[in-house]
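Only one structure is covered here, and it is reproduced in the block below.
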Amino acid sequence: MSDALVSLLEKIGPSNLVTHSNSGLYGWLAAANTNLVRAIVSYEPAFVYPESQSTEILSDERIQPKSGQQPAVTPIPDEQFARLLDVPMQIVFRDNIPLEPISNPIADGRRIQFYVATRFTGLVNERSGSAVLLPLPEAGLRGNPHFMFSNLNNTEVANYLCNFLAHHGPDK
């Protein structure tokens, strides 16, 4: 999937990527394999991590699910991860994400995903990249589901995307 995305970018040119959930993985992989990704806005995505740190993140007790479900973390070579540091990123999460492990596998998966997102944005920023984690409740938007861009307040959600791209899009 990410190879197909890279091929498309080679035809259409530099672009912003907007990804959601598991398709977030393909956006990170595409950006790690081409210089044609100018910015990424990702809604509750799966993540990549540099291979040199994947054991550390995967063994972190805070992301061990009660359900036995593994977190959506894909190790990639450190050199590929380094290419992501040139791509501004905004990672968006909804509300009602549990803070502690719970037995509901879907809700617990979101807890793990949010924690991985926090670690991911920290890692990118520590390495001089630009990643912003946007929990919608902190922006004053509440009641959003996993498909937050299709909710009744989708215009407000889209405004955050538009503002981010106005500052970090392909024209910048």
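The values are calculated or read from the model by the stated rules, or taken from the named source; none is laboratory data. What you see is a predicted model; the values in this text were computed from it and never measured. Note that each Cβ is placed from the backbone with ideal geometry, even for glycine, and that neighbours are counted across all protein chains shown. Note: accessible area is taken over every heavy atom of the protein model, side chains too, but ligands, DNA and RNA are not part of it. Shrake-Rupley method; radii C 1.70, N 1.55, O 1.52, S 1.80 Å.
Being open to solvent by less than 60 Å² (accessible area, probe 1.4 Å), assigned to a helix (DSSP H, G or I) and in contact (Cβ under 8 Å) with a residue 24 or more places away in the chain is a property that V116 has. For segment 123-161, the set of residues classified as over 17 Å from the mean Cα position of the chain (by Cα), of a type in the set (A, V, I, L, M, F, W, C) and part of a helix (DSSP H, G or I) consists of A139 only. Residue by residue through segment 73-113, note down the ones that are assigned to a loop (DSSP other than H, G, I, E, B), touching a residue at least 40 places away in the same chain (Cβ under 8 Å) and open to solvent by less than 60 Å² (accessible area, probe 1.4 Å). Those that are assigned to a loop (DSSP other than H, G, I, E, B), touching a residue at least 40 places away in the same chain (Cβ under 8 Å) and open to solvent by less than 60 Å² (accessible area, probe 1.4 Å): L85, V87, P88, R94, D95.
From the set of residues in segment 4-57 that are of a type in the set (A, V, I, L, M, F, W, C) and in contact with a Lys or Arg (Cβ under 8 Å, 6 or more places away or on another chain), which is modelled with the lowest pLDDT? By that ranking, first place goes to I57.
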